[in-house]
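Readers should treat all values here as calculations from the given coordinates under stated rules, not as data from a laboratory. Bear in mind that the values here come from a model prediction, so they are computed numbers and not experimental data. Here Cβ is always computed from backbone atoms with ideal geometry, including for glycine, and neighbour counts include all displayed protein chains.
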Amino acid sequence: MNNWQQRLETAGARYSGKQIVSFGETPANYAEISTGLTPLDNLGVLAVRGAGGPKFLQGQSTCDFENLAVGGVTPGALCNAKGRMMTSFTACRSGEDEILLSMDRELVEPTIAQLKKFAVFFKVELTDASDKYRQLGLAGSGLTEILSPTFHSMPSASQSGEDNQGNRLALLAREIYLLICHSENASALWQSLSGAVTAAGLPWWNLQLVRAGLASVTPALSEQLVPQMLNYQATGAISFTKGCYTGQEVVARMQYLGKLKRRTYRITASTSSVPEIGTQISTTEGKNVGTIVLAAPEDEKYMTMLAVLREAALDQKQLVINGESVPITLEDLPYTLDEQ
């Protein structure tokens, strides 16, 4: 057990496998957590180093790296030639010659294996830097007052905040932040922040992401979805004005010429059972209509989720999840989508 794990266990962390599921809180008292702090050990970091990094990533990703200044942040995705996402990420340009991609930890190595065949032409180095960084999620009201004494400036949608140790703070959505800190700084940051916020496990954090309509690619979803199926055209993860990149033709055709038959919706279900990412959804007649991309307990009686659904699911009052027919409610998302 390392010092970081000891710090978290001292704070009351409770594990299920490798993931922290709570610090004593339960879905029944989620509503009492006005501002929360969650260790995101499910995330890793792919570091891209070298002067050619922005140009290299420009030709591989859905977002615009050539206009990403030092300190800049952007969501994005890496697609295969068929336009299916291998991984998604939050990118932070931490220096002139360094870009950090925060993504699902299990996808870091497969992504490096896929990209390294092209990296040699741009003189960039791709490394799994997951152990060199710790990532924390913060969400809730009052975070500007809590974080501003530590960070020189609060982040915007396109620019990160930075403290004196070079730790980076990114704004993912309204009142939702991702903190990428050097491993040696993590314990001190945790100590300084945990006095002002409530420590919470990954299910609570996932609830904040579901409410914000923010889904990401995990191993269960890798190479299954085009970016628009996760609503990435609405969250700034796709640039339709940049040049070519792997999968760009499919992504552009879907935006301008095709009809998107599946996209992400938020649904609340009358069940306390939280399904795994990748779980299939069907109608009560047995027709497959979608896939769960993120789910979390809303409280002790309800579960809420982001699911990629076909239109046939939208008029249903009940859906079948893991063999259980449950009443569902379609919820609003906090962003707008262009109809296709």
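General observations
- Hey, I99 in a helix (DSSP H, G or I) and in contact with a strand residue (DSSP E or B) (Cβ under 7 Å, 6 or more places away or on another chain) or not: no
- Residues satisfying the stated conditions in the range 207-244, i.e. of a type in the set (G, A, S), crowded, with 22+ Cβ neighbours inside 10 Å and touching a Gly at 6+ places or on another chain (Cβ under 9 Å): A237
- Among residues of the range 244-293, those that are in a loop (DSSP other than H, G, I, E, B), of a type in the set (A, V, I, L, M, F, W, C), touching a residue at least 24 places away in the same chain (Cβ under 8 Å) and over 11 Å from I321 (Cβ atoms), counted: 3
- Checked against (1) under 20 Å from P227 (Cβ atoms); (2) among the small types (G, A, S); (3) in contact with a helix residue (DSSP H, G or I) (Cβ under 8 Å, 6 or more places away or on another chain), S61 meets all criteria but (3).
- Scanning the range 1-60 for residues being over 12 Å from T198 (Cβ atoms), of a type in the set (D, E) and part of a helix (DSSP H, G or I) gives a total of 1.
- For the range 303-340, residues that are in a strand (DSSP E or B), touching a residue at least 60 places away in the same chain (Cβ under 8 Å), among the hydroxyl-bearing types (S, T, Y) and surrounded by 13 or more Cβ atoms within 10 Å (Cβ to Cβ) total 1.
- Pairs, first in contact (Cβ under 8 Å) with a residue 12 or more places away in the chain and under 16 Å from V274 (Cβ atoms) in the range 12-34, second loosely packed, with under 11 Cβ neighbours inside 10 Å and not aromatic (F, W, Y), C-beta under 9 Å, six or more apart: E25/E32
- Some residue of the range 257-277 being of a type outside the set (D, E, K, R), surrounded by fewer than 18 Cβ atoms within 10 Å (Cβ to Cβ) and in contact with a Pro (Cβ under 8 Å, 6 or more places away or on another chain): yes
- Residue match in the range 227-241 (condition: under 22 Å from G59 (Cα atoms), outside any helix (DSSP H, G or I) and without any contact (Cβ under 8 Å) to a residue 40 or more places away in the chain): yes
- Taken together, K55, K123, K117, K132 contain a single residue that is more than 24 Å from C244 (Cβ to Cβ) and surrounded by fewer than 22 Cβ atoms within 10 Å (Cβ to Cβ), which is K132.
- Lone unmet requirement of (1) free of Cβ contacts under 8 Å to residues at least 40 places away in the same chain; (2) among the acidic types (D, E); (3) more than 21 Å from G247 (Cα to Cα) for D97: (1)
- When the range 23-56 is limited to residues that are of a type in the set (G, A, S) and touching a Ser or Thr at 6+ places or on another chain (Cβ under 8 Å), the one that is nearest to A113 (Cα to Cα) turns out to be A47.
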